[in-house]
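Asks: Handing you a structure now.
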Amino acid sequence: MAESTGRVTGTGPETATDLDLVRLAQAGDVEAFGELVERNRRAVFRAALAAVRSPAEADDVAQEAFVTAFQKLRSFRGESQFRTWLLSITWRKALDRRKSMTRWLRLSASAPRGLEDDMVPDLVERMPSQERSQEDTLTDNELHRNVTRLIGTLPKKLRDALLLAGSGEHTYEQISVMLGVPLGTIKWRVAEARRVLKRKLTALGYTYE
């Protein structure tokens, strides 16, 4: 009689849903949890990065979040998407880390930190051009510095919502759960943060097409 592996019939790691993998991991399949980690690594890192704005700190937070998720996996009942549940854990870990960072105030207003190049255009929706330099690109160093600096001047509530939305890894619904704020409020915060950024960038000489 063949020994049962406990795996979902006909389901491989690449085709299994997150819920399939969660059930397998809850039954003790470490490889299934490893697949969940790989699928969600980027989203978790960017959520942490939005809060702590330091790649090294975000890496540490991500590791802590995955460890906590593994330890608490049996408590997951599938009432929300696994990623949403995982991101909520990540955000709480990131906020704890942010509170403990004695350098947080300096990091908030410091030189470019906590933004990846592909996040910049999403933060302001469309890339501004600058009359004095028509060769600016999406990853222009000067724009990157300006956007990062200006984000550091936003109120924390607007900044957190904007960075999470700008990462491209989280839906508004997920951000709403992570921050514990109504969906409509999240949408307003992101729109308001972008409006403020555009106004400040315009004052620096950037124009929008």
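The values are calculated or read from the model by the stated rules, or taken from the named source; none is laboratory data. Predicted, not measured: the structure shown is a model, and the values here were computed from it. Ideal geometry is used to build each Cβ from the backbone, glycine not excepted, and the neighbour counts take in all protein chains shown.
Asks: Would you check which residues across the range 83-103 are aliphatic (A, V, I, L, M) and touching a residue at least 60 places away in the same chain (Cβ under 8 Å) and list them?
Replies: Leu87
Asks: Taking Glu79, is it farther than 14 Å from Leu163 by Cα and surrounded by 15 or more Cβ atoms within 10 Å (Cβ to Cβ)?
Replies: no
Asks: Restrict the check to the range 108-117 and report whether at least one residue is at pLDDT below 95, exposed (fewer than 14 other Cβ atoms within 10 Å of the Cβ), touching a helix residue (DSSP H, G or I) at 6+ places or on another chain (Cβ under 8 Å) and over 23 Å from Thr171 (Cα atoms).
Replies: Checked the range 108-117: at least one residue is at pLDDT below 95, exposed (fewer than 14 other Cβ atoms within 10 Å of the Cβ), touching a helix residue (DSSP H, G or I) at 6+ places or on another chain (Cβ under 8 Å) and over 23 Å from Thr171 (Cα atoms).
Asks: What about Arg41, is it touching a helix residue (DSSP H, G or I) at 6+ places or on another chain (Cβ under 9 Å), loosely packed, with under 14 Cβ neighbours inside 10 Å, modelled with pLDDT of 95 or more and not in a loop (DSSP other than H, G, I, E, B)?
Replies: Criteria met by Arg41.
Asks: For the range 61-82, how many residues meet the condition of being part of a helix (DSSP H, G or I) and either under 14 Å from Ala94 (Cα atoms) or without any contact (Cβ under 8 Å) to a residue 40 or more places away in the chain (or both)?
Replies: Within the range 61-82, residues that are part of a helix (DSSP H, G or I) and either under 14 Å from Ala94 (Cα atoms) or without any contact (Cβ under 8 Å) to a residue 40 or more places away in the chain (or both) number 11.
Asks: Taking the conditions exactly as written (within 18 Å of Asp160 (Cα to Cα) and of a type outside the set (Val, Ile, Thr)), does Ala69 satisfy them or not?
Replies: For Ala69, the condition - within 18 Å of Asp160 (Cα to Cα) and of a type outside the set (Val, Ile, Thr) - is not met.
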